[in-house]
Amino acid sequence: MDNISFAAAFEDFLSEMQKYENSFSGDISNAFSKICPVLRVSAVRSDFRNTIYGNHIEPDSVKFFYKTDNIDTDAELRFNYTTPGEDIATYIFYQFKGDLPWTDNEKSKLKNISEMLFIFNSRSKLLQISRNLAYYDAEFKCYNIRYFQRFLGKLVKSGDIYDYVAVNFNIKQLNKINSRFGRANGTKIMERYCDMINGTLDDKEALCRLGGDNYAAIVKRTNYPNIEKLMLGAVVPATDLCGEDVRVASSAGIYNITHQSDKITPGEILDRVHIAMHASKRTVKPQIIEYDKQLYEMQKRSADIAAAFDDALINNEFLVFYQPKVSLNDYRIAGAEALCRWFHDGDLISPGVFIPIFEESNDICRLDFYMLDKVCSDLSKWISNSTDPVRISVNLSRRHLRDSDVVDRLVSIVDKHNVPHKYIEFELTETVTEGEFRELQQMISGLREHGFATSVDDFGTGYSSLNLIKQIPWNVLKLDKSLLPAKGSENIWQDRVLFKYIVAMAQEMGLECVAEGVETPQQLQILADNNCEMAQGFIFDKPMPSEEFGSKLNSESRRYSV
Ligand code: C2E
Ligand code: MG
Ligand code: MG
């Protein structure tokens with residue numbers, strides 16, 4: 001070897017090494033192929049050891065950077081370096097079998113190369129550490145959204161993205177797992193579940209934690225079925241943590257990225273899977289929803305409805321309709337429910353459409369306060385007209401439970417109109433979670449202390465429990481129409497028995513019973529047979545505008561003929 005050919009080879013080696021961000025990758029054998037033949041090197045190996053334990057510190061820390069098939073493993077030269085983290089990095093050069101020993105000149109050149117290699121490896125390690133800090137969620141042992149966006153960006157740029165499915169999933173009922181096994185175990189179970197998903201991915205796919213129990217993944221279309229299976233439900237080994245294995249499933253939205261979705265950006269991919277995930281969270285079944293045009297239209301309509309709220313409130317587009325509640329003793333109007341109607345751009349939008357959308361934000365609470373205000377204004381008008389009004393019930397969303405001042409707010413609205421509290425009833429639906437249960441208990445007690453009536457709405461649709469109902473001072477139980485024995489039902493006999501006992505037990509607990517959604521004379525007969533006091537339904541009247549209801553109240557008898 002002459003010094004000139006070494007200088008040229010060394011320069012080639014350095015410029016090749018510069019190309020690789022990761023100087024631990026197999027690709028750097030290209031750089032060594034420039035210099036090793038000049039120095040009669042048959043192989044180059046690295047070995048990183050932790051000084052405390054003397055163990056290899058990483059699975060790929062012992063590796064050949066360069067290898068021919070004529071290595072003399074007995075003729076080697078080693079160079080040791082200490083990293084800033086007190087690890088020992090060793091580089092080993094091997095001669096060819098049967099070759100002459102290296103000269104001192106060659107040995108000093110090999111030392112130069114090992115020094116350069118140590119610099120390149122240290123730089124890569126630092127880069128990896130800083131990337132991990134920026135892109136890795138160390139607490140949850142998972143990549144973060146920044147990493148994911150970068151990863152998506154590369155796939156989009158290369159055009160490979162069209163072979164992929166994007167996924168956004170949310171662990172189902174993690175709060176239940178947390179309350180059963182403790183928060184720390186819940187987190188570990190979530191980690192293990194994600195490890196199971198991660199285990200099906202290769203390095204051309206990625207999983208990241210978006211925050212909370214929300215994850216996103218980008219997976220090859222061919223691998224998607226494996227992830228889908230796990231999202232639908234997987235048994236996570238957890239006997240060491242909680243004495244049993246735990247079944248975990250996810251609500252998920254997916255976006256199958258095809259060429260039709262031309263010029264897609266990482267941001268759009270994330271938006272689309274998010275829309276699909278959101279839709280899947282709203283349904284009980286199915287758990288996995290695919291993003292498509294129809295979903296996009298639905299989402300757009302929801303977004304338009306949500307955006308129209310402020311103006312609609314200012315422009316008085318929300319109207320109160322009243323549906324009478326009729327006493328089954330004398331068929332007179334004994335109360336009414338205030339139901340919201342929205343007249344928007346010449347259309348009538350049903351509460352079934354807009355209430356769930358407003359419930360996603362605090363707008364529902366503003367709407368309920370608005371409705372109460374309008375109801376009180378009608379009541380004070382009827383009182384001053386010498387119409388003897390009936391008790392009006394106003395629906396309250398469970399979102400109010402988060403507001404510790406809600407009772408005071410409601411009282412101040414009613415008092416602004418000088419309406420006696422006995423004319424107001426509040427309807428709320430049942431609750432399941434323990435935290436909510438206590439808040440509900442507090443709220444209902446507060447309302448009762450102020451002399452308002454309170455009712456359990458839609459009893460029979462949720463996880464109905466008369467036992468839980470007993471622990472809250474309700475006045476009224478509103479039986480959902482699904483509990484009413486209906487003509488044509490196969491189980492009419494069982495339905496009748498169930499209905500009978502619910503009414504009897506409610507009355508024993510001192511609750512008034514109102515049957516909702518009564519449509520037929522047969523149903524009315526069943527109510528009468530079981531001593532249910534009140535009914536509300538199309539058989540008497542549909543919800544009607546305020547003026548119409550006011551004149552019904554003013555009519556002599558206020559009585560329906562049946
Ligand atoms: P809800 O409180 O259970 O109200 C009873 C629903 O049953 C009303 O639907 C009413 O029109 C309907 N209904 C009454 N009689 C019959 C019948 O004989 N047959 C059938 N099939 N249906 C009957 P609506 O007005 O569409 O309201 C739907 C839901 O929207 C309400 O259910 C309530 O949960 C919610 N909602 C309505 N207005 C408000 C509001 O101002 N605030 C809140 N938070 N929710 C509201
Ligand atoms: Mg109601
Ligand atoms: Mg109801």
Inset, instruction - May I ask you to derive the relative contact order of the chain, considering only C-alpha pairs under 8 Å and at least 6 residues apart, and to give it as an integer percent? - result: 8 percent
Legend entry - Proximal charge balance of Gly199 [Cβ under 12 Å; K/R count +1, D/E count -1]: -2
Inset, instruction - About the Cα centre of the stretch 153-262, how large is the charge dipole given +1 on each Lys and Arg Cβ and -1 on each Asp and Glu Cβ? Please answer in debye to the nearest 20. - result: 300 debye
Legend entry - Whole-Hz couplings from phi, Karplus 6.51/-1.76/1.60, listed for the stretch 121-135; x for Gly and Pro: 5, 5, 4, 4, 4, 4, 4, 5, 5, 5, 4, 4, 5, 7, 10
Legend entry - Cβ-defined net charge surrounding Glu508, 15 Å radius [Lys, Arg +1; Asp, Glu -1]: 0
Inset, instruction - Compute the normalised compactness of the stretch 351-401: alpha-carbon radius of gyration over 2.2 N^0.38 Å, N being the residue count. - result: 1.37
Inset, instruction - Please report, largest first and rounded to whole Å, the three semi-axes of the ellipsoid equivalent to the stretch 499-545, where each semi-axis is the square root of five times an eigenvalue of the C-alpha gyration tensor. - result: 21, 13, 6
Legend entry - Alpha-carbon gyration tensor eigenvalues x 5, square-rooted, for the stretch 78-139, Å: 33, 11, 10
Legend entry - For Lys263, Lys416, order by how many other beta-carbon atoms lie within 10 Å, fewest first: Lys263, Lys416
Inset, instruction - Treat every Asp and Glu Cβ in the chain as -1 and every Lys and Arg Cβ as +1, leave all other atoms uncharged, and give the resulting dipole magnitude about the Cα centre to the nearest 20 debye. - result: 460 debye
Inset, instruction - Could you grab the Rg to Rh ratio for the chain? Cα atoms only, Kirkwood for Rh. - result: 1.20
Inset, instruction - Could you size up the charge dipole of the stretch 81-155 around its Cα centre, putting +1 on the beta carbon of Lys and Arg and -1 on that of Asp and Glu, and report it in debye to the nearest 20? - result: 400 debye
Legend entry - Global size of the stretch 181-220 as Cα Rg and Dmax, reported in angstrom: 11.3, 35
Legend entry - For the stretch 182-268, projected area of the alpha-carbon convex hull averaged over all directions, nm²: 6.5 nm²
Inset, instruction - Please work out the Cα center distance from the stretch 236-276 to the stretch 466-492, rounded to the nearest Å. - result: 38 Å
Inset, instruction - Sum -39500 (n - 2.57) across every DSSP H segment of at least 4 residues in the chain, then divide by the residue count to get the 222 nm mean residue ellipticity, nearest 500. - result: -14000 deg cm²/dmol
Inset, instruction - For the stretch 242-258, take each phi angle, set θ = phi - 60°, evaluate the Karplus expression 6.51 cos²θ - 1.76 cosθ + 1.60, and give the result in whole Hz per residue in order, putting x for glycine and proline. - result: 10, x, 7, 7, 10, 7, 10, 9, 10, 8, 9, x, 10, 9, 7, 8, 10
Legend entry - Net charge over other residues, Cβ less than 12 angstrom from the Cβ of Ser445 (K, R count +1; D, E count -1): 0
Legend entry - Of Phe549, Asn132, Phe538, farthest towards positive along the dipole that unit charges on Lys, Arg, Asp, Glu beta carbons give the chain: Asn132
Legend entry - Projected area averaged over orientations for the stretch 326-412, convex hull of C-alpha atoms, nm²: 7.9 nm²
Legend entry - Relative packing of 306-316, 377-387, which averages over residues the other C-beta atoms within 10 Å, highest first: 377-387, 306-316
Legend entry - Principal axis dimensions, the stretch 88-187 - Cα atoms, whole angstrom, descending: 71, 40, 27
Inset, instruction - Rank by packing, highest mean first: peptides 24-34, 474-484, with packing defined as the count of other Cβ atoms within 10 Å averaged across residues. - result: 474-484, 24-34
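All of the numbers you see were taken from the coordinates with simple rules; none came from a lab. Note that the coordinates shown come from a computational prediction; the quantities given were computed from them, not determined experimentally. Methodologically, a virtual Cβ is constructed for each residue, glycine included, from the backbone with ideal geometry; neighbour enumeration extends over all protein chains shown.
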